[in-house]
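Peer 1: Below are the structure tokens for one structure; questions will follow.
The values are calculated or read from the model by the stated rules, or taken from the named source; none is laboratory data. As the structure is a prediction and not an experimental result, all values here were calculated from the model. Cβ placement follows ideal geometry from the backbone for every residue including glycine, while neighbour counts extend to all protein chains displayed. When the accessible area is computed, the model is the full protein with side chains, heavy atoms only, and any ligands, DNA or RNA have been set aside. Shrake-Rupley method; radii C 1.70, N 1.55, O 1.52, S 1.80 Å.
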Amino acid sequence: MIQRQPEAQGLVAYINARLLDPTTGLDAPANLTGGVLTNGEYIVDVGAELFKVGMPEDATIINCGGQNLAPGLVDMRIQISGRDFENVGISAVSGGVTTAVCLPNTTPVIDDRSVVEFVARAARKAGLVKIYPYGAITKGLEGQELAEMGMPNNSGAVAFTDATRAIANTRTMAQALSYASTFGLMIVQHPEEPSLAEEGVMNEGETATRLGLTGIPIEAELIIIERDLRLAQMTGGRLHFAHVSTGESLNLIRAAKDRGISVTCDTAPPYFALNETAVGDYRTFAKLSPPLRCEADRKAIIAGLKDGTIDAIASDHTPKSEDTKRLPFADAADGGLGMETLLAITLELVHNGHLSLLDALGLITQHPAELLGLPAGRLKAGAAADFIVFDAERGWKVSENNLHSKAKNTPFDGRPVQGRVLKTVIDGRMVFDVDA
Amino acid sequence: MPSMSETPFNPAAFPKRHLLGIEGLSPLDITLLLDRADEYVELNRSVGGKLDTLAGRTVMNLFFESSTRTRTSFELAGKRLGSDVINMSVSTSSIKKGETLIDTAMTLNAMHPDVLVVRHGSSGAVKLLSEKVNCAVINAGDGRHEHPTQALLDALTIRRRKGRLDGLQVAICGDILHSRVARSNIHLLNTMGARVRLIAPKTLLPAQAERLGVEVFYDMKAGLRDCDIVMMLRLQTERMKTNFFPTVREYYHFYGLDYAKLEVAKPDALIMHPGPMNRGVEIASDVADDIGRSAIREQVEMGVAVRMACLEVLTLKLAGEQPKAEDKS
């Protein structure tokens, strides 16, 4: 399934695939005379009639069996547990993710140019997914002193965030936005007012009251969003909210976009596919940050994806060991796996008639790549040969046995889904092949 | 004997393997336990010695939170039924490590107890533990979630004094937010047809409390009007960080139960408290000690009887046996 391959050499023709590229709006039906031609690690050309005049003589031909061929997925928010780049790579490529952006809460914290370079080296060595790091906004993610931004950016940090912590101090946040805008860099905020969310373990409301668990009100998210929108306007900084989870958040962001504030946001699949009832009888796999919200919020998130208020979908991939999840709910760790279910859960939006296939793919390819300025997420002559072949219809059940990740903490455990990655190609190398 | 039901005692009719909460129990399940407990009240008063209903059985008390009265009550209940009772208190320092909970459960399970009586500071922890063992588990309080035997003993107290639960107006007052007793009582009283009011400052009420099928009041006199039962809750200051209320003086002024506030309730309103009481904080001393109206000491007595019934029903149900005590009577 996972394949270790040396550097790609020579011409390869991928034929008989429905070609999908959100950036250009390309949606060409599968046929034997169209496809993608790669040379080594780059795409030579893409087109429905590419091979009409004939196939290059020395090209290796891969028949995609009439399935979909799209840019590799770009996942703008993952966590790496410890330094396990290998395991992250396996999750990524089996889920069709060819480019992932990792949070700076690694060990050590990515708050320095040397750590940025270390991460890039470690990811290259693992040789599967391409990993770009976020840099920390504050030293040690402690929310106090600003960390360097310009130099880490020169070394490869694509944007700045304190990962799973909000910048709580208003002045620090204003300075971060202001300083980052000097270099045209984006600040990514985890919108949760920490003192209001303190001790909270799930969404505040009837379910939490019944279970006797401490709630996190939606206002914890709204207060930070409202405050930071003011600060973005004040400083002219570039602001992005990670994993928004409530309908009210979207109302605020929608209005701010209309006013011309430089703000964007993303959400994660649990927030449009699950609600707080998934916590059920204290299921710790459904303990996420932000917490799963109520059904009205879930529907509002779908509406935000449809009307473009939400710019991208990120998986929020957070591997957690059994030891940190098999605990009383309040003591269990936050977070769920995401990369291996990113495509299938996003495709639910297509199967349920909310989004077109191209629009859904755009949210997990083109949009995150453009937000972060990454050379990824498109099928283009001269670009890296990073793409996937997938079956949008194939059904499977999310379960421990069907996940490649070492950790198994998926909030979608037991869910039947539709849509399977068949092949993942990175720099021309086929690193995942479901049939191999 | 004031038994409320004509149905003969049959532990196999109880549908649950564990007693983790009141939520999900039917009126029949609750009545089964209360009727059996009612019989034990009389037995406890009249018979001196032990029964041998659970002879050769082992009850383990596993308390991750300190407790005197509940643990003692379960211990006495187990011994009255003739079982061996073992008390395990788990030091507060080691419970911070979550592995301990599962590991402890596995370890104890290997010793083949018949019933584990568990108290834990974290909501849902007793359920988690129950998934890892083969014996029956009784929740003796988990975080702020449930404390089913307390609700059962409260119900028994009320039923013996008032003759019924159905149609009674019950006010639960004080620290609802942190109270597992309140949640179990709300479920039980609603299931049995009583009407429940909650009275507390907003900071001590959980979100959307009215969704539990109760009326919410912020004023004691408004909430206590025409009540049959007044249940006071202990202020759980050990679970509070800061600012749930400014001072004890102000809390007592507005929410402490004294005769002035009590006068709007029915003249025969029964006063209850799960203990331990903070005199002069949530309840005036003279009200607590009013023999005519306070059922606080009676609640303790009912506790042993209710726990005998729970231990017996779960043990015999799991063993698939008929009760030995029934054979003798």
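Peer 1: On average over all directions, what projected area in square nanometres does segment A:294-389 have, based on the convex hull of its Cα atoms? Spell out each step's value before the answer.
Peer 2: Values: hull surface 33.9 nm².
Its average projected convex-hull area is 8.5 nm².
Peer 1: For segment A:149-308, compute Rh as the Kirkwood radius over C-alpha pairs and then the Stokes-Einstein diffusion coefficient at 20 °C and 1.002 mPa s; write the answer in µm²/s, rounded to an integer.
Peer 2: Approximately 132 µm²/s, per Stokes-Einstein.
Peer 1: Okay, moving on. Using a 1.4 angstrom probe on the protein heavy atoms only, could you order A:Lys299, B:Lys202 from most to least accessible area?
Peer 2: Working: A:Lys299 120, B:Lys202 145 Å².
Result, largest first: B:Lys202, A:Lys299.
Peer 1: While we're here: Shielding by partners for B:133-143, please: the mean number of other protein chain Cβ atoms within 10 Å of each residue's Cβ.
Peer 2: Numbers: counts 0, 0, 0, 0, 0, 0, 0, 0, 0, 3, 7.
That average works out to 1.
Peer 1: While we're looking at this one, here's another question. Calculate the mean, over all residues of peptide A:330-342, of how many other protein chain Cβ atoms lie within 10 angstrom of the residue's Cβ.
Peer 2: On the way: counts 8, 9, 4, 1, 0, 0, 0, 0, 0, 0, 0, 0, 0.
Mean partner-chain Cβ count within 10 Å for A:330-342: 2.
Peer 1: Further question on the same structure: What number, rounded to the nearest 500 deg cm²/dmol, is the helix-based mean residue ellipticity at 222 nm of chain B, given -39500 (n - 2.57) per DSSP H run of at least four residues and division by all its residues? If you can, show how the numbers build up before the last one.
Peer 2: Numbers: 12 runs with 126 residues, N = 329.
Theoretical 222 nm ellipticity from helices: -11500 deg cm²/dmol.
Peer 1: Go through A:244-254, B:126-136 and give me the packing order, highest mean Cβ count within 10 Å leading.
Peer 2: For the peptides A:244-254, B:126-136, the packing ranking is A:244-254, B:126-136.
Peer 1: Nearest-5 percent of antiparallel DSSP beta bridges in chain A?
Peer 2: On the way: 32 of 62 bridges.
Counting DSSP beta bridges with both partners in chain A, the antiparallel share is about 50 percent.
Peer 1: Name the shape class, rounded, prolate or oblate, that the alpha-carbon gyration tensor gives for chain A, where a ≥ b ≥ c are the square roots of its eigenvalues, rounded holds for a/c under 1.5, and otherwise prolate holds if a/b is larger than b/c and oblate otherwise. Display every interim value, and only then the final one.
Peer 2: On the way: a/c = 1.69, a/b = 1.45, b/c = 1.17.
The shape class here is prolate.
Peer 1: Turning to a different aspect of this structure: Going out from 0 in 10 Å bins, what whole percent of all Cα-Cα distances in chain B drops into each bin?
Peer 2: Using 10 Å bins, I get a P(r) of 6, 27, 34, 23, 9, 1 for chain B.
Peer 1: Here's a follow-up. Find how many whole Å separate the alpha carbon centroid of segment B:240-319 from the alpha carbon centroid of segment A:6-24.
Peer 2: The distance from the Cα centre of segment A:6-24 to that of segment B:240-319 comes to 73 Å.
Peer 1: So what is the relative contact order for segment A:1-135, in percent, with contacts set as C-alpha pairs under 8 Å and at least six apart? Spell out each step's value before the answer.
Peer 2: Details: 254 pairs, mean separation 27.4, N = 135.
About 20 percent, as a whole number.
Peer 1: Specify the inter-centroid distance of segment B:215-234 and segment A:61-79, based on alpha-carbon positions, in whole Å.
Peer 2: Between the Cα centres of segment B:215-234 and segment A:61-79 lies a distance of 62 Å.
Peer 1: Nearest 5 is fine: what % of DSSP beta bridges in the protein assembly as shown come out antiparallel, could you say? Please report the intermediate quantities before stating the final value.
Peer 2: Working: 33 of 98 bridges.
Looking only at bridges with both residues in the protein assembly as shown, the antiparallel portion is about 35 percent.
Peer 1: Once label points are set 7 Å from the Cα along Cα→Cβ at both A:His354 and A:Ala303, what is their separation, rounded to one decimal in nm?
Peer 2: 1.2
Peer 1: Here's a follow-up. Where q = 0.21, 0.22 Å⁻¹, what log10 of I(q)/I(0) comes from the Debye formula for segment A:251-352, counting one point per Cα?
Peer 2: The Debye formula, applied to the Cα set alone, gives -1.11, -1.18.
Peer 1: Given the C-alpha atoms of segment A:1-128, compute the convex hull and give its volume per residue in Å³. Please list the in-between numbers first.
Peer 2: Numbers: hull volume 15.8 nm³, N = 128.
Dividing the Cα hull volume of segment A:1-128 by its residue count gives 123 Å³.
Peer 1: How big is the antiparallel share of DSSP beta bridges in segment A:75-221, given as a percent to the nearest 5? Mind dumping the intermediate values first?
Peer 2: Values: 1 of 12 bridges.
Approximately 10 percent, going by the DSSP bridge assignments.
Peer 1: Now for a different question. Taking K and R as +1 and D and E as -1, what net charge do the other residues with C-beta under 11 Å from the C-beta of A:Ala300 add up to? Spell out each step's value before the answer.
Peer 2: On the way: positive: A:Arg254, A:Arg293, A:Arg298, A:Lys299, A:Lys306; negative: A:Glu248, A:Glu295, A:Asp297, A:Asp307.
For residues surrounding A:Ala300, the net value is +1.
Peer 1: How long is the gain from A:Glu226 to A:Lys380 if the chain were fully straight, where each residue apart is worth 0.36 nm and the alpha carbon distance is subtracted? Numbers along the way, then the final one.
Peer 2: Values: separation 154, 0.36 × 154 = 55.44 nm, distance 3.89 nm.
Roughly 51.5 nm would be gained on extension.
Peer 1: So if the hydrodynamic radius of the protein assembly as shown is defined as the Kirkwood radius over C-alpha pairs, what does Stokes-Einstein give as its diffusion coefficient at 4 °C and 1.567 mPa s, in µm² per second? Mind dumping the intermediate values first?
Peer 2: Working: Rh = 29.0 Å.
The Stokes-Einstein estimate is 45 µm²/s.
Peer 1: Turning to a different aspect of this structure: What is the average number of partner chain Cβ atoms found within 10 Å of a Cβ in B:118-126?
Peer 2: Values: counts 0, 0, 1, 3, 10, 11, 15, 6, 1.
For this peptide, the per-residue mean of nearby foreign Cβ atoms is 5.
Peer 1: Sticking with this structure for a sec: Just from its helices, what would the mean residue ellipticity at 222 nm be for chain A, if runs of 4 or more DSSP H residues each count -39500 (n - 2.57) and the sum is divided by every residue, rounded to the nearest 500 deg cm²/dmol?
Peer 2: The per-residue figure over chain A is -8500 deg cm²/dmol.
Peer 1: Can you bin segment A:279-323 into rounded, prolate or oblate? Criterion: square roots of the alpha carbon gyration tensor eigenvalues sorted a ≥ b ≥ c, rounded for a/c under 1.5, prolate for a/b above b/c, oblate for the rest.
Peer 2: Working: a/c = 4.47, a/b = 1.66, b/c = 2.70.
It is oblate, given that a/c is not under 1.5 and a/b is not larger than b/c.
Peer 1: Also, quick follow-up: Around B:Arg69, with a cut-off of 13 angstrom between Cβ atoms, what is the net charge of the other residues, counting Lys and Arg +1 and Asp and Glu -1?
Peer 2: Details: positive: B:Arg71, B:Arg119, B:Arg234, B:Arg297, B:Arg307; negative: B:Glu65, B:Glu75, B:Glu301.
Neighbourhood net charge equals +2.
Peer 1: Turning to a different aspect of this structure: With a cut-off of 18 Å, note down the residues of segment B:143-160 whose backbone N falls inside the zone around a label point 7 Å from the Cα of B:Ala207 toward its beta carbon.
Peer 2: B:144-145, by backbone N distance to the label point.
Peer 1: Per-residue counts of other Cβ atoms within 10 Å, averaged by peptide: what ranking do you get for A:336-342, A:322-328, highest first? Can you show the working numbers first?
Peer 2: Values: A:336-342: 27.7, A:322-328: 18.6.
So the peptides A:336-342, A:322-328, ranked by packing, come out A:336-342, A:322-328.
Peer 1: Taking the Cα atoms of segment B:182-310 alone, what are Rg (to one decimal) and Dmax (as a whole number) in Å?
Peer 2: Just the Cα atoms of segment B:182-310 yield Rg and Dmax of 14.7, 42 Å.
Peer 1: Taking the Cα of B:Val248, stepping 7 Å toward and past its beta carbon, and measuring to each backbone N in segment B:261-302: which are under 14 Å?
Peer 2: B:277-285
Peer 1: For the protein assembly as shown, give the magnitude of the charge dipole about the Cα centre (Cβ charges: +1 Lys/Arg, -1 Asp/Glu; no others), in debye to the nearest 20.
Peer 2: 1120
Peer 1: Still on this structure, please answer the following. Most fluctuating residue of A:Asn352, A:Asn409, A:Asn105 in a GNM of chain A with Cα springs under 10 Å: which is it?
Peer 2: Greatest mean-square fluctuation among the candidates belongs to A:Asn352.
Peer 1: What's the buried accessible area, both sides, between A and B using a 1.4 Å probe, rounded to 100 Å²? Please list the in-between numbers first.
Peer 2: Values: alone 16870 and 14280 Å², together 29280 Å².
Separately minus together, A and B give about 1900 Å² buried.
Peer 1: Where the centre of each part is set by its Cα atoms, how far does segment A:191-208 sit from segment B:16-36, in angstrom?
Peer 2: 32
Peer 1: Students often check this: by mean Cβ neighbours within 10 Å, which of A:92-100, A:132-140, A:11-19 ranks highest, and how do the rest follow? Show your work: numbers first, answer last.
Peer 2: Values: A:92-100: 29.0, A:132-140: 23.6, A:11-19: 21.8.
Ranking, from highest mean packing down: A:92-100, A:132-140, A:11-19.
Peer 1: Ok, one more. Let me know the charge dipole size of segment A:306-423 about its Cα centre in debye, to the nearest 20, where only the beta-carbon of Lys, Arg (+1) and Asp, Glu (-1) is charged. Intermediate results must be reported in sequence, preceding the final value.
Peer 2: Working: 13 positive and 16 negative charges, 72 e Å.
That gives segment A:306-423 a dipole magnitude of about 340 debye.
Peer 1: Another question, then. Report, to the nearest 10°, how far helix A:342-351 tilts away from the longest principal axis of the Cα atoms in chain A, using its own Cα long axis and a range of 0 to 90°.
Peer 2: Compared with the principal axis, the helix lies near 80 degrees.
Peer 1: Carbon-plus-sulfur fraction of the accessible area of chain B, 1.4 Å probe, in percent? Working shown, then result.
Peer 2: Details: 6870 of 13380 Å².
On chain B, the fraction of accessible area on carbon and sulfur atoms equals 51 percent.
Peer 1: Mind giving me the FRET efficiency for A:Met234 and A:Arg283? R0 is 35 Å, r the Cβ-Cβ distance, nearest 0.05 is fine. Each step should come with its number before you reach the end.
Peer 2: On the way: r = 42 Å, r/R0 = 1.19.
Given R0 = 35 Å and the Cβ-Cβ separation, E is 0.25.
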